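Asks: This is the structure I have questions about; it appears just below.
The values are calculated or read from the model by the stated rules, or taken from the named source; none is laboratory data. What you are looking at is a predicted structure, and each value in this text was computed from that prediction instead of being measured. In this analysis, Cβ positions are derived from the backbone assuming ideal geometry, glycine residues included, and neighbour counts consider all displayed protein chains. These accessible areas exclude ligands, DNA and RNA; they are computed on the full protein's heavy atoms, side chains included. Shrake-Rupley method; radii C 1.70, N 1.55, O 1.52, S 1.80 Å.
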Amino acid sequence: MSDISDHAIVSEDVKIGKNTVIYHWCNLYGCIIGENTKIGTFVEVQKNVRIGNNCKISSHSFICEGVSIGDNCFIGHGVMFINDRHPKSINENGTLATGEDWILEKTNISDNVSIGTGAIIMCGVNIGANATIGAGAVVTKNVEANKTVIGIPARVINKD
């Protein structure tokens with residue numbers, strides 16, 4: 001059995017694993033959340049997102065469509081994922097843009113990844129297993145397994 005706050009908005013199409021906790025004022029729709037995962041206050045998880053088992057998603061984070069997060073991952077406070085390299089409100093003819101007017105770029109977070117507070121993860125990147133993303137980093141390129149990156153743009157600080 002999972003524990004979902006009365007103050008969370010969780011649509012009927014969300015699949016939630018056993019022993020998962022979803023705190024107040026969250027918005028989840030069309031996603032899959034694994035077992036034993038905790039989703040903090042003020043988190044949005046959009047459609048077609050997969051979050052694995054034993055994850056901790058800290059408050060004020062935004063996980064957009066096209067993001068996949070492996071097992072045993074930590075997502076710090078206020079982490080933002082991006083899925084569109086060229087976002088626009090309107091088309092060239094001035095009409096409001098729709099789902100057909102942009103290109104979704106998927107992001108993959110492997111198992112045992114830790115992402116620090118305030119990090120921004122650009123679309124189309126892969127973060128390898130056991131990687132660490134420093135607080136405030138802006139990840140614009142793939143991060144290899146077992147690497148730690150910091151800064152803007154993020155750069156590796158542990159060499160082999």
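Asks: Which ones in region 94-115 are under 12 Å from the mean Cα position of the chain (by Cα), surrounded by fewer than 19 Cβ atoms within 10 Å (Cβ to Cβ) and assigned to a loop (DSSP other than H, G, I, E, B)?
Replies: Passing the criteria: only Lys106.
Asks: Okay, next question. Looking at Ile157, Ile120, Ile127, Ile133, can you tell me which residue is buried (at least 17 other Cβ atoms within 10 Å of the Cβ), farther than 17 Å from Asn83 by Cα and of a type in the set (Val, Ile, Thr)? Show your work before the answer.
Replies: On the way: Ile157 fails: buried (at least 17 other Cβ atoms within 10 Å of the Cβ); Ile120 fails: farther than 17 Å from Asn83 by Cα; Ile127 fails: farther than 17 Å from Asn83 by Cα.
Going through Ile157, Ile120, Ile127, Ile133 in turn, just one is buried (at least 17 other Cβ atoms within 10 Å of the Cβ), farther than 17 Å from Asn83 by Cα and of a type in the set (Val, Ile, Thr): Ile133.
Asks: Return the pairs, sorted by first residue and then second, in which the second residue is of a type in the set (Val, Ile, Thr) and modelled with pLDDT of 95 or more, the first residue lies in region 131-142 and is closer than 12 Å to Asn158 by Cβ, the beta carbons are less than 6 Å apart, and the residues are 6+ apart or on different chains.
Replies: Correct list of pairs: Ala131/Val113; Ala131/Val143; Thr132/Thr148; Gly134/Ile150.
Asks: Just to verify a result, which residue in region 9-26, among those that are open to solvent by 50 Å² or more (accessible area, probe 1.4 Å) and either assigned to a loop (DSSP other than H, G, I, E, B) or farther than 13 Å from Ile51 by Cβ (or both), is modelled with the lowest pLDDT?
Replies: The extreme case among them is Ile9.
Asks: Which of the residues spanning region 30-40 are crowded, with 17+ Cβ neighbours inside 10 Å, out of contact with any Gly (no Cβ under 6 Å at 6 or more places or on another chain) and in a loop (DSSP other than H, G, I, E, B)?
Replies: Cys31, Asn36, Thr37, Gly40
Asks: Let me ask another. Is there any pair with a first residue in region 98-115 that is over 18 Å from Ala131 (Cα atoms) and a second that is exposed (fewer than 13 other Cβ atoms within 10 Å of the Cβ) and among the polar types (S, T, N, Q) whose Cβ atoms are under 7 Å apart and which are 6 or more apart or on different chains, and what are they?
Replies: Matching pairs, first to second residue: Asp101/Asn91.
Asks: So how many residues does region 41-69 have that are open to solvent by less than 40 Å² (accessible area, probe 1.4 Å) and outside any loop (DSSP other than H, G, I, E, B)?
Replies: Initially, region 41-69 is screened for residues open to solvent by less than 40 Å² (accessible area, probe 1.4 Å), giving 41, 43, 45-46, 49, 51-52, 55, 57-59, 61, 63-69.
Subset that is outside any loop (DSSP other than H, G, I, E, B): 45, 51, 57, 63, 67-69.
Going through region 41-69 one residue at a time, the tally reaches 7.
Asks: Sticking with this structure for a sec: Suppose we filter Asn91, Asn146, Asn72 for residues that are over 14 Å from the mean Cα position of the chain (by Cα) and either open to solvent by less than 10 Å² (accessible area, probe 1.4 Å) or on the phi > 0 side of the Ramachandran plot (or both); which single one remains? Break it down into steps so the answer makes sense when it comes.
Replies: Values: Asn91 fails: either open to solvent by less than 10 Å² (accessible area, probe 1.4 Å) or on the phi > 0 side of the Ramachandran plot (or both); Asn72 fails: over 14 Å from the mean Cα position of the chain (by Cα).
The match here is Asn146.
Asks: Further question: So, in region 116-160, how many residues would count as being part of a loop (DSSP other than H, G, I, E, B) and polar (S, T, N, Q)? First the steps, then the outcome.
Replies: Filtering region 116-160 down to residues part of a loop (DSSP other than H, G, I, E, B) leaves 116-119, 122-125, 128-131, 134-137, 140-142, 144-147, 151-154, 157-160.
When the remaining residues are screened for being polar (S, T, N, Q), the result is 117, 130, 140, 142, 146, 158.
Residues flagged as part of a loop (DSSP other than H, G, I, E, B) and polar (S, T, N, Q) within region 116-160 amount to 6.
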